[in-house]
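Structure, as structure tokens:
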Amino acid sequence: MDIFDIIGPIMVGPSSSHTAGAARIGRAAANLLGDTPAKAKITLSGSFLRTHKGHGTDRAIIAGLMDMPVDDLRIRDSLEIARERGLQYEFILSDIPDAHPNTALIELVGKSGREVSIRAASVGGGNIRVEMLNGLTVSFTGAMDTLVISHTDAPGVIANVSSLIAALSVNIATMQVFRRNAGGDAVMIIETDHAPDMESVRMIRRLRGIKTCNLLNKL
């Protein structure tokens with residue numbers, strides 16, 4: 001266990017779960033969109049719903065969508081900064097059945113029209129866990145540099161990706177595959193020892209069967 005798992009991260013705000021974790025959820029959503037967010041619909045559930053203003057959860061998530069780290073002093077003014085930048089957002093307060101107490105569902109539309117939906121939980125000490133991506137159940141934390149690859153569940157797709165990553169001298173730390181059903185939509189979650197460069201990400205995107213590939217930089 002790291003000392004920061006006990007005392008929490010260096011951050012702006014009163015709560016590692018409700019502020020730092022919320023900001024990291026926002027940053028994860030923006031990374032996975034792979035575009036500059038233009039519209040955001042944010043559902044807050046559980047204790048996020050009940051304390052979102054007092055603990056700054058609303059400001060933290062919006063700051064994360066604008067790629068602000070947890071110690072950025074601009075978090076306090078993020079709602080005003082978002083309006084100045086033209087980021088449209090709305091908050092919905094609604095308990096999500098069977099969700100972790102600190103859960104946010106973020107539905108994003110980017111300036112180029114890209115869309116992503118993620119559901120994530122703040123699990124303590126500023127740490128998060130992404131639990132759903134575009135309606136598909138997943139599980140990853142963003143604690144390491146992570147490739148998130150949407151693809152068709154077909155023979156050879158995983159092998160082609162892992163072979164290319166090896167050829168690029170990127171070491172895989174962990175790899176998980178989630179799928180809706182055999183032959184349908186699937187997602188590879190690949191944590192790496194160091195972040196691949198963007199040309200490597202573009203090469204993965206060009207492989208057969210790959211729909212999207214985004215790099216979630218270590219949060």
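The values are calculated or read from the model by the stated rules, or taken from the named source; none is laboratory data. Fair warning: this is a prediction, and the values are worked out from it, not measured in the lab. Every residue, glycine as well, gets a Cβ built from its backbone with ideal geometry; the counts of neighbours run over all protein chains shown. With ligands, DNA and RNA removed, areas are computed over all heavy atoms of the protein, side chains included. Shrake-Rupley method; radii C 1.70, N 1.55, O 1.52, S 1.80 Å.
Before moving on, here are some points about what is shown:
- Here the calculated FRET efficiency for Arg180 and Lys39, from their Cβ-Cβ distance with R0 = 25 Å, stands at 0.45, rounded to the nearest 0.05.
- In this Cβ point-charge picture (+1 for Lys and Arg, -1 for Asp and Glu), the chain has a dipole of about 500 debye about its Cα centre.
- Selected from Leu44, Leu207, Leu108 as most flexible by GNM, with the chain as the system and alpha-carbon contacts under 10 Å: Leu207
- Prolate/oblate/rounded call for the range 27-81, Cα gyration tensor, a/c under 1.5 rounded: oblate
- 3J(HN,Hα) along the range 42-49, derived from phi through the Karplus expression 6.51 cos²θ - 1.76 cosθ + 1.60 where θ = phi - 60°, amounts to 10, 9, 9, 10, x, 5, 4, 5 Hz, with x in place of Gly and Pro.
- Taking all protein chains as they are arranged and a probe of 1.4 Å, the heavy atoms of His151 leave approximately 0 Å² accessible to solvent.
- Options Ser150, Phe178, Asn217, ranked by Cα towards positive dipole end of the range 91-219, top entry (Cβ charges): Ser150
- Cα-centred dipole magnitude for the range 96-219, charges only on beta-carbon of K, R (+1) and D, E (-1), debye, nearest 20: 320 debye
- Lysines with Cα under 26 Å of Lys111, excluding same-chain neighbours fewer than 8 positions away: Lys39, Lys41, Lys211, Lys218
- For the range 66-72, backbone phi angles converted through the Karplus equation (6.51, -1.76, 1.60; θ = phi - 60°) give residue-by-residue couplings of 9, 6, 7, x, 5, 9, 7 Hz, Gly and Pro being listed as x.
- Separation between Cα centres of the range 90-144 and the range 196-219, rounded to whole Å: 21 Å
- To put it simply, the accessible area of the chain at a 1.4 Å probe is 51 percent carbon and sulfur.
- Relative contact order, whole percent, for the range 49-122 stands at 21, derived from Cα pairs under 8 Å and 6 or more residues apart.
- Between Glu84 and Thr152, the FRET efficiency estimated from the beta carbon spacing at R0 = 35 angstrom works out to 0.30.
- Under the combined filter of DSSP loop state and at most 14 neighbouring Cβ atoms within 10 Å, the range 109-155 retains these trypsin sites (Lys or Arg not before Pro): Lys111.
- Estimated at 0.36 nm per residue, the fully extended path between Ala167 and His194 surpasses their Cα-Cα distance by 8.3 nm.
- For Ile128, residues with placed amide H under 5 Å, excluding near neighbours: Val123
- Solvent-accessible area per residue, Å², over the chain with all protein chains present [probe radius 1.4 Å]: 46 Å²
- Within the chain, percent of DSSP bridges classed antiparallel, to nearest 5: 90 percent
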